[in-house]
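A short write-up of the structure that comes next.
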Amino acid sequence: MSEDLLRYDILIQDALRGAVKKILAEVGRTGLPGDHHFYIAFDTNAPGVRISQRLKERYPQEMTIVLQHQFWDLAIGEHAFEVGLSFGGVPEKLLVPFSAIKGFFDPSVQFALEFDPGKTAEELPEELLEAVEELAKAEQDHEDSQSKTDGEQDDSKEAASAKSDKKDDAVADTPAGDGGGEVVSLDAFRKKT
């Protein structure tokens with residue numbers, strides 16, 4: 001048997017990634033039709049992937065996202081897609097190159113594709129990789145400065161607390177209000193099946 005010099009395996013993977021790209025582009029334009037929704041698994045270590053440090057720590061190898069009820073700003077590029085999702089009530093923006101996708105599944109019609117991440121003839125443009133690196137560095141700098149600011153606020157709260165402890169005990173403590181709100185899981189509003 002002769003050697004596969006054309007690399008059919010890579011050509012087919014790239015063609016199927018192109019199908020995922022077209023599907024997401026259509027959803028970006030018109031929204032999800034009917035009961036369609038997607039589970040997309042991707043390699044969090046793949047070149048060009050941009051997720052927050054918090055998500056990277058939680059999902060060090062692979063992550064699966066769901067595009068169904070709550071996602072926003074779905075943008076499809078030549079080599080990657082970007083989407084906004086909420087994780088534990090915290091909004092996040094993710095950038096996922098198509099070459100990082102490991103799996104695509106639409107349970108409404110039992111359609112699934114599986115990929116070998118990184119096995120592609122398509123190389124990511126250097127500008128995309130540089131932009132992802134710059135954004136990651138900017139996010140890290142922001143997190144570092146936020147941590148420093150939080151630390152300074154804690155110090156000033158401790159100082160204020162020490163001052164108030166020295167005040168005359170003749171002033172009675174009044175109970176603080178509860179803020180009047182209650183956190184409710186969105187699952188409580190979803191249709192049960």
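The values are calculated or read from the model by the stated rules, or taken from the named source; none is laboratory data. Computed from a predicted structure; not experimentally measured. Cβ coordinates were reconstructed from backbone atoms using ideal geometry, including for glycine residues, and neighbour counts include every protein chain displayed. Surface areas here come from the heavy atoms of the whole protein model, side chains and all, with no ligands, DNA or RNA. Shrake-Rupley method; radii C 1.70, N 1.55, O 1.52, S 1.80 Å.
For every other residue with a beta carbon closer than 14 angstrom to the beta carbon of residue 59, add +1 if it is Lys or Arg and -1 if Asp or Glu, then tell me the sum. Working shown, then result.
Working: positive: 50, 54, 56, 58, 102; negative: 43, 57, 62, 92.
My count for the surroundings of residue 59 gives +1.
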Give, in nm to one decimal, the length gained when the segment between residue 61 and residue 93 is fully stretched (0.36 nm per residue of separation minus the Cα-Cα distance).
-> 9.7 nm
Considering only protein heavy atoms and a 1.4 Å probe, what is the carbon-and-sulfur percentage of the accessible area of segment 48-115?
-> 49 percent
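Which FRET efficiency value, to the nearest 0.05, is calculated for residue 35 and residue 2 with the Förster distance at 35 angstrom and r the Cβ-Cβ distance? The partial results should precede the final answer.
Working: r = 46 Å, r/R0 = 1.31.
Once the sixth-power term is evaluated, E becomes 0.15.
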Non-local residues with an amide H under 5 Å from the amide H of residue 81, with H modelled 1.01 Å from N and Pro and chain starts lacking one, are 96, 98
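For segment 28-106, what is the convex hull volume of its Cα atoms per residue in Å³?
Numbers: hull volume 6.9 nm³, N = 79.
Convex hull volume per residue, Cα atoms: 87 Å³.
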³J(HN,Hα) computed for each position of segment 9-15 - Karplus, 6.51 cos²θ - 1.76 cosθ + 1.60, integer Hz, glycine/proline x = 4, 6, 4, 5, 4, 5, 5
Given backbone amide H placed at 1.01 Å from N, residues whose amide H is under 5 Å from that of residue 62, ignoring those fewer than 5 places away on the same chain, are 44
